[in-house]
Each structure stands twice: as C-alpha cells, then as structure tokens.
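Take a look at the structure below.
The values are calculated or read from the model by the stated rules, or taken from the named source; none is laboratory data. Source: prediction; values computed, not measured. Here the Cβ is made from the backbone with ideal geometry for all residues, glycine too, and neighbour counts use every protein chain on show. Side chains are part of the model used for accessible areas, which takes the heavy atoms of the whole protein and leaves out ligands, DNA and RNA. Shrake-Rupley method; radii C 1.70, N 1.55, O 1.52, S 1.80 Å.
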Amino acid sequence: MGKIGLFFGSDEGNTERVAYRIQKRLGEDVVDVMDIADVTQLEFADYDKIILGILTWDFGQIQSDWEEFWDDIAAVDFSGKTVALFGLGDQFGYGDYFLDAMGMLHDVIIQSGPDIVGHWPTAGYEFDASKAEIPGTGMFVGLALDEDQQEDLSADRLNRWCVQIHREFGLTTPITELED
Ligand SMILES: Cc1cc2nc3c(=O)[nH]c(=O)nc-3n(C[C@H](O)[C@H](O)[C@H](O)COP(=O)(O)O)c2cc1C
C-alpha cells in the first residue's frame, strides 16, 4: 500500500497540531507528515495520495511557507494523484476571508488534474465569504477547522473527515476515533 504524504504550513502551531491529529487517526505507519518549509517538489513524487494543510492569515493571504513554495507547488504534476485539503481560519475574526488560502491552494493544484476528495459541508460555520467554498454547492473544497472560535468541534470534525477520506482514498488500514 502506498503511504499518504501530508504536507502542512503553520505559523503558530494550530495547523501543525492538526496534521499530527490526522496522522494519529489514520495511523503513523500510513501517513508521513512534512512541513512545507522543509520539502522540495521531489517529495510529492513519492505519493499518490496526498493531504495538504494550510491556514489563512492577514485578510485572505496564504501562509508564508506555502507562499514561498507557491511556484513549486504550481509546477508539481498532480495528475493521477488523489488529494484532500484541510484549512484553518477564524470565521468571526475574518468572516470575509474565511479559509481563503485553502481555496487558493485548491485552485492551483487542480490545474494538473488530481482527483480531489474530502469535500466538507459549509453548514455549521458562520461567514460572509470564502474562496474555499465551491459556489452553489454548500461545500468547502476540504475540511474546515476553526481553532479560534470552534475549537471544541474540531475533534469530532476530524473524526468524521478522517472516516470520509479513509473511504475516498480506498484505505483498508485501521482508523482510530479520538477525543483530542
Ligand atoms: C494576523 C492574523 C490574520 C488572520 N487572517 C485570517 C484570514 O484572513 N482568514 C481566516 O480565515 N483566518 C485568519 N486568521 C486565523 C488563522 O488562520 C487561525 O488562527 C489559524 O488557526 C492559525 O493557524 P496556525 O496556528 O497554524 O498558524 C488570522 C490570524 C491572524 C493571527
């Protein structure tokens, strides 16, 4: 079985912690976790199943390490790969830009035609605008987490999303439900 490569960028640690919370659910021997600040394009070639994690900051901007990697990620060939995204944001503090960076990352990687899994409902969040929302569908392009305003909901959201992508990735390995 091919492993999953999980690539994240994080400023204050929330997105990094979420990366490892996903790894704990899907299995340490199933998911390799890597900081986007420490990788090159080459690491992406090692994985057919990929999870990407990004936070939004400064009114709709992409996280700084992802920003430095932006030309590289645009040049990665995602064709034939299956990709799931997760994003962190603050829906009350930045309701006009909620999770924008996840939407921007999605828009870049779909250029080379991966299969995107892990779409997630917008119900249960309050925001005015988000580039991560797929217009007219009531769905985000990936898992939406808000550690600033809805931290208490994250463990359950992670449990449900991991079950979903476990199925969508076609995994047969054990999955662990956690309350972290
Ligand atoms: C200065 C600043 C600007 C932010 N801008 C946005 C934003 O535009 N949209 C959004 O959804 N969240 C925004 N956030 C919320 C962060 O995305 C959120 O706190 C996230 O959990 C931080 O992740 P990290 O700990 O991995 O850095 C902002 C946070 C800060 C501190």
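Go through Trp120, Tyr94, Pro174 and say which Cα lies farthest out towards the positive end of the charge dipole of the range 94-180; charges sit on Cβ, +1 for Lys and Arg, -1 for Asp and Glu.
Value: Pro174.
Can you give the accessible area per residue of the chain, in Å², using a 1.4 Å probe?
46 Å²
Between Asp58 and Thr173, what FRET efficiency follows from the Cβ-Cβ distance if R0 is 45 Å, with the result rounded to 0.05?
The computed FRET efficiency comes out at 0.75.
Calculate, in nm to one decimal, what Asp46 and Gln149 gain on full extension: separation in residues at 0.36 nm each, minus their alpha carbon distance.
Roughly 33.5 nm would be gained on extension.
May I ask for the Kirkwood hydrodynamic radius of the chain, worked out over all distinct Cα pairs and given in angstroms to one decimal?
On the way: mean 1/r = 0.0625 Å⁻¹.
Result for the chain stands at 16.0 Å.
How high is the relative contact order of the chain, given as a whole-number percent (alpha carbon pairs under 8 Å, six or more residues apart)? Don't skip to the end; give the middle numbers.
On the way: 366 pairs, mean separation 40.2, N = 180.
Value for the chain: 22 percent.
What does the helix-only formula give at 222 nm for the chain: each DSSP H stretch with n ≥ 4 adding -39500 (n - 2.57), the total divided by the residues, and the result rounded to the nearest 500 deg cm²/dmol?
-8000 deg cm²/dmol
Mind jotting down a quarter of the surface of the convex hull over the alpha carbons of the range 27-106, in square nanometres, one decimal?
Average of the hull's projected areas for the range 27-106 equals 5.8 nm².
Which three extents, in whole angstrom, do the alpha-carbon atoms of the range 96-148 cover along their principal axes, largest first?
Ordered largest first, the range 96-148 gives principal extents of 32, 22, 17 Å.
Under unit Cβ charges (Lys, Arg +1; Asp, Glu -1), what dipole magnitude, rounded to 20 debye, does the range 13-105 have relative to its Cα centre?
Dipole of the range 13-105, to the nearest 20 debye: 540 debye.
Determine the relative contact order of the range 112-151: mean sequence separation of Cα pairs under 8 Å and six or more apart, normalised by residue count, in whole percent.
The value is 42 percent.
Any idea how far apart Ala37 and Asp77 come out in nm if each label point goes 7 Å out from Cα toward Cβ?
Result: 3.1 nm between the two label points.
Roll a 1.4 angstrom probe over the protein heavy atoms and tell me the percent of accessible area of the chain that is carbon or sulfur.
Looking at the chain in its full context, I get 45 percent from C and S.
Over its Cα atoms, what ratio of radius of gyration to 2.2 N^0.38 Å does the range 103-180 give? Intermediate values should be presented prior to the final figure.
Details: Rg = 13.6 Å, N = 78, 2.2 N^0.38 = 11.5 Å.
The reported ratio for this selection is 1.18.
Plugging the Kirkwood radius over Cα pairs into Stokes-Einstein for the range 120-159, at a temperature of 10 °C and a viscosity of 1.306 mPa s, what D comes out in µm²/s?
148 µm²/s
Please sort 121-129, 143-151 by packing, taking for each peptide the average over its residues of neighbouring beta carbons within 10 angstrom, highest first.
Result, highest mean Cβ count within 10 Å first: 143-151, 121-129.
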